[in-house]
1. How many residues are over 15 Å from GLU70 (Cα atoms), free of Cβ contacts under 8 Å to residues at least 40 places away in the same chain and aliphatic (A, V, I, L, M) when one looks only at the stretch 20-40?
2. I'd like the full set of residues that are loosely packed, with under 15 Cβ neighbours inside 10 Å and modelled with pLDDT of 95 or more, limited to the stretch 40-54.
3. Please determine whether any residue of the stretch 30-42 is under 13 Å from the mean Cα position of the chain (by Cα), of a type in the set (D, E, K, R) and under 19 Å from PHE10 (Cβ atoms).
4. For the stretch 71-83, give me each residue that is without any contact (Cβ under 8 Å) to a residue 60 or more places away in the chain and either surrounded by 11 or more Cβ atoms within 10 Å (Cβ to Cβ) or assigned to a strand (DSSP E or B) (or both).
5. Which of the numbered conditions does THR61 fail, given that it passes all the others? Conditions: (1) among the polar types (S, T, N, Q); (2) closer than 28 Å to TRP20 by Cα; (3) more than 9 Å from the chain's Cα centre (by Cα).
6. Scan the stretch 18-62 residue by residue and report those that are of a type in the set (A, V, I, L, M) and in contact with a Pro (Cβ under 9 Å, 6 or more places away or on another chain).
7. Taking the stretch 1-52 on its own, how many of its residues are of a type in the set (D, E, K, R) and in a helix (DSSP H, G or I)?
8. Do the conditions hold for SER9, that is, is it in contact with a Phe, Trp or Tyr (Cβ under 9 Å, 6 or more places away or on another chain) and polar (S, T, N, Q)?
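The values are calculated or read from the model by the stated rules, or taken from the named source; none is laboratory data. Since the model is a prediction, treat every value here as computed from it, not as a measurement. Please note: Cβ atoms are built from the backbone with ideal geometry, for glycine as well, and neighbour counts cover all protein chains shown.
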Amino acid sequence: MSTEKDIQSFREKLEAVSEWPSLYMFKFIVEAEKQEEIKDIFENHEVIVKPSSKGKYVSLTIKMLASSAEQIIEKYLETNKVEGVIAL
């Protein structure tokens, strides 16, 4: 989500398929040593961590009860600041 156009498109898709509040699942892949940065963004939410076979990367799954599309977008924008993060 690098441009305002991308963000607006994502917002519209979220609004079209969701009723608020809604349970939303985030999935990220990040280098293992950077996982705490993602966890800190979702500090009050359950984070499920699965390491890669060699342990260099981890997959993070986070469930969050969101009251609006804006809350979801804000979390993606925050996580996008973590170097090397891949949002799925």
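1. 1
2. Across the stretch 40-54, the qualifying residues are ASP40, ILE48, VAL49, LYS50, PRO51, SER52, SER53, LYS54.
3. no
4. Passing the criteria: GLN71, ILE72, GLU74, LYS75, GLU78, THR79, VAL82.
5. Among (1) among the polar types (S, T, N, Q); (2) closer than 28 Å to TRP20 by Cα; (3) more than 9 Å from the chain's Cα centre (by Cα), the lone unmet condition for THR61 is (3).
6. Residues satisfying the conditions are ALA32, VAL58.
7. 13
8. In short, no.
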